[in-house]
1. With runs of 4+ DSSP H residues as the only contributors, calculate the mean residue ellipticity of the chain at 222 nm using -39,500 (n - 2.57) per run, divided by the residue total and rounded to the nearest 500.
2. Wrap a convex hull around the Cα atoms of region 201-241, take a quarter of its surface area, and give that in square nanometres.
3. I want to make sure I understand the PRE zone here: with the label point 7 angstrom from the Cα of residue 402 toward its beta carbon, which residues in region 156-173 have backbone N atoms less than 19 Å away?
4. Against the empirical 2.2 N^0.38 Å scaling, what ratio does the C-alpha Rg of region 193-293 come to?
5. Treating each Cα of the chain as an identical point scatterer and ignoring solvent, apply the Debye formula and state log10 I(q)/I(0) at q = 0.06, 0.09, 0.11 Å⁻¹.
6. If I model a spin label as a point 7 Å beyond the Cα along the Cα-Cβ vector, how far apart are those points for residue 345 and residue 93 in nm?
7. Among 75, 136, which comes first, second and so on when ranked by fewest other beta-carbon atoms within 10 Å?
8. How do 187, 266 rank when sorted from fewest to most other Cβ atoms within 10 Å of their own Cβ?
């Protein structure tokens, strides 16, 4: 079983987008059964075709026949996990399913630009789309929970990492490109008092229109909010956790004081001024809408931030603080407390990353910096549709090289761990498949990796 097609692959956005937007090319085989797992869990030929088409579009050089077999194996595994979830009485609440559907729809709305565009392309209303894929989403979540429980105890030791590395023939070691570790200390520009008051007064007027004049919160958010992540969805965010999870603490505290439909007073966070409307609360999670009005900044504000960063940079060069100490003392980046100021690869969650994955503004600095050096202060886009100020730190850089345990331990550790998890999953399949009925269409007879599912099944 190829690691790429373990359950996680089933939930990729491209596959779901293919399903959400329909696939007319395969409409004629919608009722053709490709496989049956258990008493009544059916895999349709059209579902297999949609995933194969999506994979081939992303990796056109792949062997389509092999991809088809791997996808079928993965889909059978997913159905087995769902069956096991039912045996183990794993429950996924309707609220969790609804939140997952809302999040996925919001993703596609962001991708296509608007709800109207999504409905136009798919030929379905948002309600119809959600209902069409409600059962599939529930099954995905059930399977994911069973797999998570199965694999959560799988760990890897340094000795196992070395043993795994030593099994790779020297002439088969991968060639890694140049890698870097970069960090940053962020200082947000202070706000001019007059512009701060202007932003608050603007939001007070918007709140009055909603609370006193009866205007729609959703409409006012779409027209006025400075939050690009929710503006096109009427200011809505689903699954906001009382525990935080990246949300500003002031925002969370204000939200969980509200009853359904209630609008909060004005709340100030590091992002600006907010008003929040409670849509629906589910214990320690809630669906909310909000309107954000940001304060504008003048050139004097950015100059003040630069002066502070210059002082921090001088202290770092003089050795008064280590980089991590300075991050803890000064940085205003909300991610700093979790990463020590290091910039992480979103896919691997590692600070060691390829130069091509860096923010282009940082990537351009690589040739002018040395390991242990700090950049001059600069203005940058902070990813929230706003600008802030930072200095950048180069912790490490490697040249293009063949894989080795010194420079690439984290990567090799991750690969070894994934292989160990894959084996755990295969062992589970070998143990459980005799207790499941599996029938596969003749078209997949050449897929040798499917033989055990059929041979061992009831």
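No lab work stands behind these numbers, since they all come straight from the coordinates. What you see is a predicted model; the values in this text were computed from it and never measured. All Cβ positions, glycine included, derive from the backbone under ideal geometry; neighbour counts span all protein chains shown.
1. Mean residue ellipticity at 222 nm (helix-derived): -14000 deg cm²/dmol.
2. Working: hull surface 13.2 nm².
For the Cα atoms of region 201-241, the hull's average projected area reads 3.3 nm².
3. Residues passing the 19 Å test: 162-173.
4. 0.99
5. At q = 0.06, 0.09, 0.11 Å⁻¹ the computed log10 ratios are -0.36, -0.81, -1.15.
6. Output for this residue pair reads 3.7 nm.
7. Working: 75 22, 136 14.
Result, fewest neighbours first: 136, 75.
8. Result, fewest neighbours first: 266, 187.
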